[in-house]
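Working notes for the structure below.
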Number of protein chains: 2
Amino acid sequence: MEEWGIIQQLINKLGHGKVLTGDALKARYSHIWEMDRPIQAKALLLPDSTEDLSAIMKTCYQFGQPVVVHGGLTNLVGSTQSSLQDVVISMEKMNRILEVDEENRTLTVEAGAILESVQLAALEKDLMFPLNFGAKGSAQIGGAISTNAGGLKVFKYGMTRNLVMGLEVVLADGRVINSLKKLIKDNTGYDLKQLFIGAEGTLGVITKAVLKLIEKPKSRNSALLAFKDYTRVVKTLRWLESSLTGTLSAYEVLWQVTYRPMAAAVFGINLPLAPDFPYYVLMETSGADQDEDRRRLEDLLSDALHHGMIADAALSDSPAQQEQLWELREHMDHVVARCQHDQHFDISLPIGQIEEYVQGVLKELDKIAFVRECYVFGHMADGNIHLIVDKTKAGEESVNAVNEAVYTPIQSFGGSVSAEHGIGMHKKAYLHYSRSPDEISLMQSLKQMMDPLGILNPGKIL
Amino acid sequence: MEEWGIIQQLINKLGHGKVLTGDALKARYSHIWEMDRPIQAKALLLPDSTEDLSAIMKTCYQFGQPVVVHGGLTNLVGSTQSSLQDVVISMEKMNRILEVDEENRTLTVEAGAILESVQLAALEKDLMFPLNFGAKGSAQIGGAISTNAGGLKVFKYGMTRNLVMGLEVVLADGRVINSLKKLIKDNTGYDLKQLFIGAEGTLGVITKAVLKLIEKPKSRNSALLAFKDYTRVVKTLRWLESSLTGTLSAYEVLWQVTYRPMAAAVFGINLPLAPDFPYYVLMETSGADQDEDRRRLEDLLSDALHHGMIADAALSDSPAQQEQLWELREHMDHVVARCQHDQHFDISLPIGQIEEYVQGVLKELDKIAFVRECYVFGHMADGNIHLIVDKTKAGEESVNAVNEAVYTPIQSFGGSVSAEHGIGMHKKAYLHYSRSPDEISLMQSLKQMMDPLGILNPGKIL
């Protein structure tokens with residue numbers, strides 16, 4: 001009866017078309033990587049306005065009804081997982097781009113808009129929304145904000161947090177906090193939007209955002225560099241950043257173990273650089289003049305070769321060649337395809353200590369009989385590396401053993417068990433490697449204050 | 001008795017030398033701009049470690065004793081004001097620079113270190129801490145973080161919030177939250193440090209910080225531009241930013257009313273540009289090659305002149321000339337000296353609407369008999385302008401009348417009554433022009449959760 005009570009109230013408030021139950025849920029899923037597993041939910045709601053969402057939360061608050069918000073479902077840590085006791089809110093109808101303001105260089109958008117459509121709307125006005133990652137064709141902007149998404153452009157433009165100027169959020173009790181300001185600076189009390197960015201939907205539901213746009217670069221040049229040791233990888237980053245002031249826009253590293261299969265898959269036998277160096281860096285500049293920027297980069301790389309900072313280099317000659325070079329970093333499916341059972345990591349460390357950490361982990365993984373290989377690569381300039389571990393064994397036990405090997409040393413290096421992907425369900429057990437008991441206790445107090453009934457994305461993070 | 005109880009306990013825990021009372025307070029003040037007014041306090045404490053501070057807060061929590069933390073006392077909104085019922089904690093002894101890490105480009109520091117000493121420690125390693133403002137010789141880094149300070153480099157490097165990688169904070173009850181990580185990316189639950197940045201000491205006491213350093217630019221070029229209308233000021237910003245990718249580092253505007261007295265004071269009769277244009281922009285580039293960058297800027301400005309985007313330009317030829325140009329913006333005391341009674345404002349608006357707002361405010365101020373002049377200038381590229389209003393009358397009534405004229409239109413433009421200075425005591429009455437009742441109520445809940453006894457910097461912000 002009570003069950004029916006809340007569904008009936010939701011139908012009364014939203015209308016039949018926005019409340020799906022029973023068979024209507026069968027075609028729905030909780031995760032874009034697991035489309036064959038139908039969604040678990042009491043009902044799926046399709047609000048198309050902030051008013052709808054506020055009405056939903058008021059009703060759910062009254063009934064103590066847990067809610068899970070669904071964006072593009074591309075999350076990698078189980079943040080959108082739900083149960084039959086949950087009401088799922090899909091943001092897909094709130095997908096309007098409300099304004100692109102060229103003078104203020106802002107874009108105001110509903111949370112359900114797809115990242116790629118936001119990027120395109122900016123480009124139409126010769127501006128750029130720099131947030132970019134593989135799942136951009138499915139990921140929604142509200143999800144990107146809720147997870148403080150990273151990606152390929154963080155080095156130059158920062159995480160999502162740095163690109164959000166204003167937010168509209170519905171609180172657990174249905175109140176609407178509207179702060180859709182187009183301001184770069186605003187020191188009027190607590191910066192409340194920071195609470196919701198990266199909170200994985202556990203403190204409120206983001207409904208709209210004002211995003212920061214930047215001038216679209218007019219040039220792009222890329223080069224692949226080879227290094228003899230890790231110290232030179234770090235020093236060259238500093239030197240290039242200093243010499244290319246403001247135009248260095250990417251510095252991604254592949255360890256040899258990753259370069260070899262990737263280069264073979266992308267280039268066949270005509271490798272851009274010989275496969276016998278320990279480290280490879282894919283770098284990019286974004287500037288104002290294609291030819292001048294290329295000449296400048298060429299001069300710098302000649303210098304670096306001459307002084308032995310880099311061991312070899314290949315500079316792209318055409319946009320097509322450039323795209324191909326970037327496949328080395330963007331098409332990690334080539335590596336995944338070689339794995340029997342793949343397990344992925346997204347960790348961050350102080351830049352200077354990455355190699356020491358990696359060597360230690362490789363030694364630990366070596367001791368595990370069912371581990372075949374560990375591919376290392378990542379956003380080196382952000383201190384963020386990814387590991388893909390290839391195993392001959394699946395199952396929870398093997399997952400836990402590899403997790404322990406990778407996460408245990410994180411603490412002593414002052415690192416993070418999740419640089420960009422978040423905690424969700426999958427990393428909860430490892431949160432204490434990155435955060436102290438007092439930090440976790442303060443997070444719990446914050447959660448209790450914002451969501452006293454515990455109805456917002458229950459069981460995630462904490 | 002109870003009074004003596006807490007002082008005695010503090011002496012027992014800290015030792016006599018760290019607890020000043022009675023006559024020992026007479027030489028102390030609450031504000032660097034009002035050194036003649038002795039501090040109001042029950043006692044002044046001088047912790048020299050996080051342990052000291054934790055012991056202080058545990059004792060104060062037990063007694064329900066209000067505390068006010070003092071940094072460099074350069075705040076402009078009364079954030080460090082105290083009463084005879086308060087215990088004041090001065091951070092001056094916690095002023096050690098603990099580490100400059102060149103590989104990770106971080107600097108770890110105690111909260112009481114002076115901003116200028118942080119800048120110098122970075123420069124010694126050829127790195128730069130880009131936070132910079134007039135009071136750098138007195139302001140402490142803890143205060144800068146607590147107020148999310150802005151200044152002259154925000155356009156390129158962001159507010160203080162963007163420059164803080166990790167914090168150590170003592171909570172109201174004395175618990176220490178230590179998160180001194182050197183990580184660019186860390187999505188492990190709520191980003192707790194954001195709570196304390198800009199909270200003006202009302203949610204916790206910042207004791208240490210890990211700051212982000214950047215490569216020191218190798219070149220600096222400056223130019224003064226004159227404009228015929230505001231639209232061109234905005235368009236030229238976009239065009240320069242796009243053409244100078246990553247090297248444009250300042251774009252400050254002076255309205256004619258400000259340029260005239262400033263230019264006369266700095267240059268006498270040899271003005272760099274004629275005084276009859278409505279707007280002047282002081283711009284700066286920071287790059288890697290002094291001569292090449294200058295040539296590039298010269299070419300761009302020729303283009304801009306040729307196409308009528310700018311009306312006139314003066315490019316600096318030497319570091320000395322450059323310093324003199326920047327006096328136009330940095331030595332606002334020339335303008336203050338002309339005022340009978342000066343009243344200062346620090347507001348922000350969407351960039352495109354600044355001129356419309358300013359024209360409206362000038363009309364309102366014109367109606368006030370005791371207003372002589374209003375000097376307008378500011379960090380145009382951040383949407384942040386300052387007004388200095390010259391009045392023939394002092395006193396609360398005149399202050400309130402001018403406040404109303406300046407703040408009332410802010411709301412309809414979606415602006416902020418405090419871009420960088422904070423709320424403190426002086427702007428509390430105007431907070432509601434920038435924040436909705438629901439936002440203020442959420443701030444109150446946050447304050448209640450973090451500081452249930454209301455002992456941290458009582459009466460500030462809320």
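Out of the residues in the range A:97-126 meeting the condition of being in contact with a Lys or Arg (Cβ under 6 Å, 6 or more places away or on another chain) and of a type in the set (A, V, I, L, M), tell me which one is surrounded by the fewest Cβ atoms within 10 Å (Cβ to Cβ).
Only one residue fits best here, namely A:Val100.
Scanning the range A:407-422 for residues that are more than 8 Å from chain B (Cβ to nearest Cβ) and out of contact with any helix residue (DSSP H, G or I) (no Cβ under 6 Å at 6 or more places or on another chain), we see that the one that is farthest from A:Asn75 (Cα to Cα) is A:Ser412. The set of residues from the range A:148-168 being out of contact with any Ser or Thr (no Cβ under 7 Å at 6 or more places or on another chain), buried (at least 20 other Cβ atoms within 10 Å of the Cβ) and polar (S, T, N, Q) comprises just one member, A:Thr160.
Counting only residues that are over 18 Å from A:Leu53 (Cα atoms), out of contact with any Lys or Arg (no Cβ under 9 Å at 6 or more places or on another chain), surrounded by 22 or more Cβ atoms within 10 Å (Cβ to Cβ) and not aliphatic (A, V, I, L, M), the range A:194-221 holds 0 of them. Does B:Tyr251 meet the test of being within 11 Å of chain A (Cβ to nearest Cβ) and not basic (Lys, Arg)? Here the answer is no, as B:Tyr251 does not meet what is asked. Residues that are in contact (Cβ under 8 Å) with a residue 24 or more places away in the chain and over 23 Å from B:Leu254 (Cα atoms) within the range B:369-406 comprise B:Phe370, B:Thr392, B:Lys393, B:Ala394, B:Ser398, B:Val399, B:Ala401, listed in sequence order.
For A:Gly424, the criteria (1) surrounded by fewer than 21 Cβ atoms within 10 Å (Cβ to Cβ); (2) assigned to a loop (DSSP other than H, G, I, E, B) hold in every case but one, which is (1).
Please go through the range A:187-207 and give me each residue that is more than 26 Å from B:Gly424 (Cα to Cα) and at the interface with another protein chain (Cβ under 7 Å from one of its Cβ atoms), ordered by number.
Filtering the range A:187-207 down to residues more than 26 Å from B:Gly424 (Cα to Cα) leaves A:198-207.
If the condition is that a residue be more than 26 Å from B:Gly424 (Cα to Cα) and at the interface with another protein chain (Cβ under 7 Å from one of its Cβ atoms), then A:Gly198, A:Ala199 are the ones that fit.
Tally the residues that are in a loop (DSSP other than H, G, I, E, B), under 30 Å from A:Arg296 (Cβ atoms) and under 29 Å from the mean Cα position of the chain (by Cα), restricting the search to the range B:253-298. Looking only at that region, the number is 1. Just the residues that are within 27 Å of B:Gly383 (Cβ to Cβ), in contact with an Asp or Glu (Cβ under 8 Å, 6 or more places away or on another chain) and more than 13 Å from chain B (Cβ to nearest Cβ), please, taken from the range A:108-140. Those that are within 27 Å of B:Gly383 (Cβ to Cβ), in contact with an Asp or Glu (Cβ under 8 Å, 6 or more places away or on another chain) and more than 13 Å from chain B (Cβ to nearest Cβ): none in the range A:108-140. Being in contact with a Leu (Cβ under 6 Å, 6 or more places away or on another chain) and either under 30 Å from A:Ala429 (Cα atoms) or of a type outside the set (Ser, Thr, Tyr) (or both): is that true of B:Leu183 here? No: the conditions fail for B:Leu183. Cβ-Cβ distances below 8 Å connect the following pairs, each with a first residue in the range A:198-227 that is within 22 Å of A:Ile89 (Cβ to Cβ) and modelled with pLDDT of 95 or more, a second residue that is assigned to a loop (DSSP other than H, G, I, E, B) and among the β-branched types (Val, Ile, Thr), and a separation of six or more residues or different chains: A:Gly198/A:Thr147; A:Ala199/A:Ile461; A:Glu200/A:Thr147; A:Glu200/A:Ile423; A:Glu200/A:Ile461; A:Thr202/A:Ile461. How many residues does the range A:222-231 contain that are within 12 Å of another protein chain (Cβ to nearest Cβ) and surrounded by fewer than 19 Cβ atoms within 10 Å (Cβ to Cβ)? Result for the range A:222-231: 1. Just one of (1) more than 14 Å from every other protein chain (Cβ to nearest Cβ); (2) at positive phi fails for B:Arg105. It is (1).
Could you please give the count of residues in the range A:89-102 that are aliphatic (A, V, I, L, M), under 22 Å from the mean Cα position of the chain (by Cα) and either within 14 Å of chain B (Cβ to nearest Cβ) or assigned to a strand (DSSP E or B) (or both)?
Matching residues across the range A:89-102 total 2.
The set of residues from the range A:233-252 being surrounded by 21 or more Cβ atoms within 10 Å (Cβ to Cβ) and either assigned to a strand (DSSP E or B) or charged (D, E, K, R) (or both) comprises A:Leu248, A:Ser249, A:Ala250, A:Tyr251, A:Glu252. If the condition is being more than 19 Å from A:Ala111 (Cα to Cα), part of a helix (DSSP H, G or I) and touching a helix residue (DSSP H, G or I) at 6+ places or on another chain (Cβ under 7 Å), then the range A:51-65 contributes A:Thr59, A:Phe63. For the range B:10-33, the condition of being part of a strand (DSSP E or B) and over 22 Å from B:Gly174 (Cα atoms) holds for at least one residue. Tell me whether the range A:312-322 contains one or more residues that are in a helix (DSSP H, G or I), under 24 Å from the mean Cα position of the chain (by Cα) and farther than 22 Å from A:Cys374 by Cα. Checked the range A:312-322: at least one residue is in a helix (DSSP H, G or I), under 24 Å from the mean Cα position of the chain (by Cα) and farther than 22 Å from A:Cys374 by Cα. Just so you know, in the range B:53-96 the residues that are buried (at least 22 other Cβ atoms within 10 Å of the Cβ) and either of a type in the set (Asp, Glu) or touching an Asp or Glu at 6+ places or on another chain (Cβ under 6 Å) (or both) include one that is farthest from B:Asp36 (Cα to Cα), and it is B:Met94.
For beta carbons closer than 7 Å, sequence separation of 6+ or different chains, a first residue in the range B:423-448 that is facing chain A (nearest Cβ under 8 Å) and a second that is among the small types (Gly, Ala, Ser), the qualifying pairs are B:Ile423/A:Gly189; B:Lys427/B:Ser418; B:Leu431/A:Gly189; B:Ser434/B:Ser416; B:Arg435/A:Gly189; B:Glu439/A:Ser179; B:Met443/A:Gly189.
For the range A:155-186, a residue qualifies if it is more than 7 Å from every other protein chain (Cβ to nearest Cβ), more than 16 Å from A:Leu203 (Cβ to Cβ) and aliphatic (A, V, I, L, M), and the qualifying residues are A:Leu163, A:Met165, A:Leu180.
May I ask you to list the residues in the range A:293-326 that are crowded, with 16+ Cβ neighbours inside 10 Å and among the charged types (D, E, K, R)? Full working, then the answer.
Filtering the range A:293-326 for residues crowded, with 16+ Cβ neighbours inside 10 Å gives A:293-294, A:296-297, A:300-301, A:304, A:309-316, A:322, A:325-326.
Hits for the range A:293-326 are A:Asp293, A:Arg294, A:Arg296, A:Asp312.
Against the definition (of a type in the set (A, V, I, L, M), touching a residue at least 24 places away in the same chain (Cβ under 8 Å) and more than 14 Å from chain A (Cβ to nearest Cβ)), how does B:Leu325 come out, yes or no? Steps first, answer last, please.
Values: of a type in the set (A, V, I, L, M): yes; touching a residue at least 24 places away in the same chain (Cβ under 8 Å): yes; more than 14 Å from chain A (Cβ to nearest Cβ): yes.
The answer is yes for B:Leu325.
Just one of the numbered conditions (1) modelled with pLDDT of 95 or more; (2) at positive phi is not true of A:Gly378; which one? In the conditions (1) modelled with pLDDT of 95 or more; (2) at positive phi, A:Gly378 misses (1) alone. Annotation note: Cβ proximity below 8 Å between a residue of the range B:157-172 that is without any contact (Cβ under 8 Å) to a residue 24 or more places away in the chain and a residue that is in a helix (DSSP H, G or I) (sequence gap 6+ or interchain) occurs for B:Gly158/A:Asn162.
From the residues in the range B:352-366 that are more than 12 Å from chain A (Cβ to nearest Cβ) and touching a residue at least 24 places away in the same chain (Cβ under 8 Å), which one is surrounded by the fewest Cβ atoms within 10 Å (Cβ to Cβ)? The selected residue is B:Gly360. Taking the criterion of being over 23 Å from A:Met425 (Cα atoms), in contact with a helix residue (DSSP H, G or I) (Cβ under 6 Å, 6 or more places away or on another chain) and small (Gly, Ala, Ser), no residue of the range A:1-50 qualifies.
The values are calculated or read from the model by the stated rules, or taken from the named source; none is laboratory data. Treat the numbers as computed from the prediction; the structure is a model and nothing was measured. Backbone-built Cβ (ideal geometry, glycine too); neighbour counts: all protein chains shown.
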